[in-house]
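Presented below is the structure to which this report refers.
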Amino acid sequence: MSGLKVLIAEDEAITRSLLRSTLTNWGYDVATTTNGEEACAKLRSGNIDLCVLDWEMPKMTGLDVCKWVRSSDLTPAPYLILLTAKNDPGDIRAGYQAGADDYVTKPFNAVELRKRMSIVAERRLQAATEQKQASHCDSFELYRAGFTAKSNPSHK
């Protein structure tokens, strides 16, 4: 997980501290903010792969941050997890409609959160590796690699 940057946006100090400690112990590079506006500023500065957002925060809610990310030009957009005490089906639907990629209720199960985050981490790191490898190939090599993989499915 090294190199994966996670932003925690949580206004409750105890929850923020617990999340930071937990994610740091799992090997993530963690930054924290206490409200939605700070979260947007950190996201604008770039290099955030995954964002864990509390729903109810001052200045901008987690939903507002999700909507802002989805309407922004952040590339690649961070994976957004809403971490909230709201567990009503209508709230969950609203979270996804606002642009959340995942929805986790408080109190969170650390094992479940770790599984979800590790899947995202693997995908992000794999994409970064593939992009780095592609940047070292000329266009003919990329064409040949794509052609070989398509014509011989066992070739990787």
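Read-outs throughout are calculated quantities, based only on the coordinates presented, and are distinct from any laboratory measurement. Treat the numbers as computed from the prediction; the structure is a model and nothing was measured. Please note: Cβ atoms are built from the backbone with ideal geometry, for glycine as well, and neighbour counts cover all protein chains shown.
A few comments on the model shown:
- In sequence order, region 34-51 has phi-based couplings of 10, 7, x, 5, 4, 4, 4, 4, 5, 5, 4, 6, x, 6, 9, 8, 9, 10 Hz under the Karplus curve 6.51 cos²θ - 1.76 cosθ + 1.60, θ = phi - 60°, and Gly or Pro positions carry x.
- Cα centroid separation - region 95-110 against region 1-68, whole Å: 13 Å
- Per-residue HN-Hα couplings for region 63-78 [Karplus 6.51, -1.76, 1.60; θ = phi - 60°; Hz; x = Gly/Pro]: 5, 4, 5, 4, 4, 5, 4, 5, 9, 8, 9, 5, 9, x, 5, x
- Measuring nothing but alpha carbons in region 35-77 and taking Rh as the Kirkwood radius, the Rg to Rh ratio lands at 0.92.
- Ordered by the number of other Cβ atoms lying within 10 Å of each residue's own Cβ, fewest first, Ser45, Ser72 fall into the sequence Ser45, Ser72.
- Backbone HN-Hα couplings from phi across region 83-94 [Karplus 6.51/-1.76/1.60, Hz, Gly and Pro as x]: 10, 8, 7, 6, 10, 6, x, x, 5, 4, 4, 4
- Legend: translational diffusion of region 5-151 by Stokes-Einstein, Rh = Kirkwood radius over C-alpha pairs, 20 °C, 1.002 mPa s; D = 131 µm²/s.
- Database remark: amide H of Leu83 closer than 5 angstrom to the amide H of Leu53, Asp54, Trp55, Val104 (H placed geometrically; neighbours at sequence offset of 5 or more, or on other chains; Pro and chain starts carry no H).
- Cβ crowding within 10 Å ranks Leu82, Leu19 as Leu19, Leu82, fewest other Cβ atoms first.
- Sequence of Tyr103, Tyr79, Tyr96 once ranked by neighbouring C-beta atoms within 10 Å, starting from the fewest: Tyr96, Tyr103, Tyr79
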